[in-house]
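Worksheet: the structure to be examined is printed underneath.
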Amino acid sequence: MLIDDCRRLTARISEKERLRRHLELLNKFEAVRNQLAQRAIARLSPLVACWEALQAATIPTASVAEAARPLLAEVTALLGAVRADPEAALDQRRFRPRAFFDAVEDVASRLQAELTRSWQDHTAAQAITTNRELLDVLDRLPRFRPTIQRIRALVERVRQAQATLPANEAQITAYRQLVGQAQAEWQQLGGGQVPAEVLVFLRGAVGPTGARLEHLTDGVRHWLSEHQLEGSFAIRAGN
């Protein structure tokens, strides 16, 4: 009886020690997993969200799988090391996840470059072309000033959106709406289709010396009448 009790006690002690070591390894694994996951999630999750947004908005992008291949290889190697010798692989004193973090950064850099290229290609196809000289001239005319200011504000917001990767599909939708608003405002000015003789007249009229009378052609008079600007100018004697 005593011998059997000793054997059972020894077995229980061994089992308790095994469970203790198992729990210790599990805690180490959790610590390592959290250390790796936090770094990877912080770096990759915004890029993955951007990729998903571009996909949802039907903007062409390259496959994420190719960019993620180095990281997948490093994760596979780490799991293999844990299975082969968990104590050594998970020992916090010797655990140096530099290779894993390098792989995360490599994937992030590749993905960010690809997303940036896709977004720039998409926004370049929707570029807003305005005539800065025309805007400067019309901005001097009170009737056009509110429209010019709206166009400039919208164009600046579009430019800022083009320089930033979208974080979600809603930001892509907002960008497209901005482009539409800017284009609509620009079309109210005729889309920049102002006759050259009109631009010459306006440039002179808002200048310090005024426009020459010879620049007030029939075409200019017609354009001024069409835009209800006849009363915006006066004839005065030159020096």
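Quick note: the coordinates plus some simple rules give every number you see, no bench work behind them. Note that the structure is predicted; figures quoted are calculated from it, not measured. Cβ atoms come from the backbone with ideal geometry, glycine included; neighbour counts cover every protein chain shown.
If I model a spin label as a point 7 Å beyond the Cα along the Cα-Cβ vector, how far apart are those points for Arg221 and Glu133 in nm?
Going by the 7 Å Cα→Cβ label model, 2.6 nm.
How big is the dipole moment of the range 109-235 about its Cα centre under a simple scheme where the beta carbon of each Lys and Arg is +1, that of each Asp and Glu is -1, and everything else is neutral? Debye, nearest 20, please.
360
Calculate, for Ala174 and Ala196, the FRET efficiency according to 1/(1 + (r/R0)^6) with r their C-beta to C-beta distance and R0 35 Å; round to the nearest 0.05.
FRET efficiency, Ala174 to Ala196: 0.40.
Quick check: convex hull over the Cα atoms of the range 99-199, volume per residue in Å³, rounded to an integer?
108
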